[in-house]
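What follows is one structure encoded as structure tokens, with my remarks underneath.
Just so it is clear, none of the values below were taken in a lab; they were calculated from the coordinates. Just so we're clear, the structure is a prediction, and the values are computed from it rather than from any experiment. Positions of Cβ are backbone-derived with ideal geometry, glycine not excepted, and every protein chain shown enters the neighbour counts.
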Amino acid sequence: MPVLPGAEPFRHEGGETGVLLCHGFTGSPQSLRPWAEHLAEGGLTVSLPLLPGHGTRWEDMQLTGWQDWYAEVDRELRALTERCGDVFVAGLSMGGALALRLAAKHGDAVRGVLVVNPANRMHGLAPYALPVARHLLRSTPGIADDIAKEGAHELGYTRVPLHAAHSLRAFFRLVDGELPQVTQPLLLLRSAEDHVVPAADSARVLSRVSSTDVTEIVLEQSYHVATLDHDAERIFEESSAFIGRLAAGSGSKEGTAVRG
């Protein structure tokens, strides 16, 4: 199937510092494209891949699972580490979980981690029905487009394929168990109001990682897809500052900062 216009992957050859950006579940690179372009304009080498099963039609995602999504970003990270001296991983929602697993598995090859509204688990009773429901229903209504900014739009599927959702639930459990292996500096930005991923997920991430250089920023004007919302510029600026501080060899400052 052809890729939807706007959902194409993005790559930019820049300097010795690289950033891998991971988009979310049923989403596409479109949701992170402005972030990627901002980093590229700052002279960084940037990779924003399209995850398997995404960016075409939701039926294609039924044939994929977390192993496929993770394998794609793992390959991109390995390519970046061959090209760059310092490599950072970043992600939105499920992309945040992908970035955290990359950090846990690759250790010193990852210089720092940046996550926006990272997803850590599925909430409520519905996930417990997935093992059976996925064989009875193909999909449920989509989760895309949770944006406060008028006129902004996320290019994502209008349906959630349940086979893929079942795999995602297993992935969240896996990543949660690996969070203590995350030791890199961490920048976590979360929306005060998010209708897709609750604040409890960010709190869980912060409580389980072993990082000592941790910054949490609360985004007061955005919903879940904050990278396309009112706080997008702040995300971009904070990311550039975080990467610049660490890639410049200025060392890491221990402690936790919380800023509104």
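Before moving on, here are some points about what is shown:
- Meets criteria (under 25 Å from GLY55 (Cα atoms) and touching a residue at least 60 places away in the same chain (Cβ under 8 Å)) for PRO185: no
- Condition check for GLY65: surrounded by fewer than 22 Cβ atoms within 10 Å (Cβ to Cβ), touching a residue at least 24 places away in the same chain (Cβ under 8 Å) and under 18 Å from LEU168 (Cα atoms): yes
- Within segment 107-123, the residues that satisfy the criterion of being outside any loop (DSSP other than H, G, I, E, B) and surrounded by fewer than 17 Cβ atoms within 10 Å (Cβ to Cβ) are GLY107, ASP108, ALA109.
- Residue list for segment 164-174, restricted to those being within 13 Å of ASP68 (Cα to Cα) and touching a Ser or Thr at 6+ places or on another chain (Cβ under 9 Å): ALA164, SER167
- Within segment 15-46, the only residue that satisfies the criterion of being touching a helix residue (DSSP H, G or I) at 6+ places or on another chain (Cβ under 6 Å), surrounded by fewer than 21 Cβ atoms within 10 Å (Cβ to Cβ) and among the small types (Gly, Ala, Ser) is GLY42.
- Scanning segment 179-202 for residues that are in a helix (DSSP H, G or I), over 16 Å from the mean Cα position of the chain (by Cα) and under 25 Å from GLY107 (Cα atoms) yields PRO180, GLN181.
Conditions (1) touching a residue at least 12 places away in the same chain (Cβ under 8 Å); (2) closer than 20 Å to HIS23 by Cβ; (3) in contact with a Phe, Trp or Tyr (Cβ under 7 Å, 6 or more places away or on another chain), marked per residue:
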{"position": "LEU155", "(1), (2), (3)": "yes, yes, no"}
{"position": "ARG169", "(1), (2), (3)": "yes, yes, no"}
{"position": "ASP176", "(1), (2), (3)": "yes, no, no"}
{"position": "ALA199", "(1), (2), (3)": "no, no, no"}
{"position": "ALA203", "(1), (2), (3)": "no, no, no"}
{"position": "TYR223", "(1), (2), (3)": "yes, yes, no"}
{"position": "GLU233", "(1), (2), (3)": "no, yes, no"}
